[in-house]
1. Say we look at region 128-173 and pick out the residues that are part of a helix (DSSP H, G or I) and of a type in the set (S, T, N, Q); which of these is farthest from residue 106 (Cα to Cα)?
2. For region 63-82, enumerate the residues that are out of contact with any Ser or Thr (no Cβ under 7 Å at 6 or more places or on another chain) and either open to solvent by 50 Å² or more (accessible area, probe 1.4 Å) or part of a helix (DSSP H, G or I) (or both).
3. Could you list all residues from region 83-101 that are buried (at least 17 other Cβ atoms within 10 Å of the Cβ), within 28 Å of residue 59 (Cβ to Cβ) and of a type outside the set (A, V, I, L, M)?
4. Only one of these conditions is not met by residue 202: (1) open to solvent by less than 30 Å² (accessible area, probe 1.4 Å); (2) in a loop (DSSP other than H, G, I, E, B); (3) not hydroxyl-bearing (Ser, Thr, Tyr). Which number is it?
5. Quick check on residue 85: is it assigned to a loop (DSSP other than H, G, I, E, B), in contact with a helix residue (DSSP H, G or I) (Cβ under 8 Å, 6 or more places away or on another chain) and not charged (D, E, K, R)?
6. Which residues, counting only those in region 102-132, are within 26 Å of residue 179 (Cβ to Cβ), of a type in the set (A, V, I, L, M) and either touching a residue at least 60 places away in the same chain (Cβ under 8 Å) or buried (at least 18 other Cβ atoms within 10 Å of the Cβ) (or both)?
Amino acid sequence: MIEAHQLAKYFGARAAVRDLSFAITTGEVVGLLGLNGAGKTTTLRMLSCLLLPTSGTVRVDGIDVTADSYAVRRKIGYLPDVPPLYPEMTVGAYLTFDARLRQVPRREAAARVAEAEDKTALRAMHGELIGELSHGYRQRVGLAQAIVHKPALLILDEPAAGLDPAQVMEMRSLLRGLRGEHTVIISSHFLSEISQTCDRLLVLHGGELVGQGSEAELAATMA
């Protein structure tokens with residue numbers, strides 16, 4: 001699903017990501033782990049076509065992100081670190097708006113919205129204003145907009161950021177429920193947030209890949 005080869009992104013003379021190569025197979029749930037400033041968000045923005053690489057290549061489902069970004073965008077659902085929400089809209093109206101933006105046929109939009117609300121435990125919030133929801137529920141709305149069009153690849157940038165421990169556990173459960181329907185890449189700077197959700201971890205430091213494998217495999221290499 002994802003093939004990155006010697007990917008690099010420079011902002012002036014500063015390298016946010018450099019010489020990054022990895023592959024993620026269809027159906028995998030992979031965690032991108034690293035401290036703030038490690039290059040996680042920059043990597044995800046290149047995968048989602050929001051940033052062009054300075055050098056190197058990245059393909060999503062065989063499509064080069066620089067050659068046909070629109071085709072790539074149709075295949076992905078993206079939850080950035082700050083969810084793209086409209087506080088004056090109700091949950092249902094917002095998700096319907098997102099479904100139509102993602103070219104879900106009008107006759108299918110209501111069913112897709114209901115399915116996304118079910119998967120994110122939002123059905124009871126369908127008629128509520130987004131601006132009146134708690135932070136935890138707003139994160140769920142952000143997740144719902146990322147899956148409403150049933151993308152092949154789901155890119156989640158720190159989906160548990162700012163949540164309390166109970167909400168983190170709820171988000172973890174929601175993410176596990178997506179397994180099997182999407183290839184998923186999740187970023188976090190906390191191992192505990194993603195180790196129980198992901199099949200494999202990619203560890204970034206200083207914009208470079210410094211380790212990959214399961215939590216047990218990584219622990220063994222560091223022992």
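The values are calculated or read from the model by the stated rules, or taken from the named source; none is laboratory data. As the structure is a prediction and not an experimental result, all values here were calculated from the model. Using ideal geometry, Cβ is built from the backbone for each residue, glycine included, and neighbour counts are taken over all protein chains shown. SASA here: full protein model, heavy atoms, side chains in, ligands and nucleic acids out. Shrake-Rupley method; radii C 1.70, N 1.55, O 1.52, S 1.80 Å.
1. Out of the qualifying residues, it is 167.
2. The answer is 66, 67, 68, 69, 70, 71, 72, 73, 74, 75, 82.
3. 83, 98
4. It fails just one condition, (2).
5. Yes.
6. Within region 102-132, 104, 109, 113, 116, 122, 125 meet the criteria.
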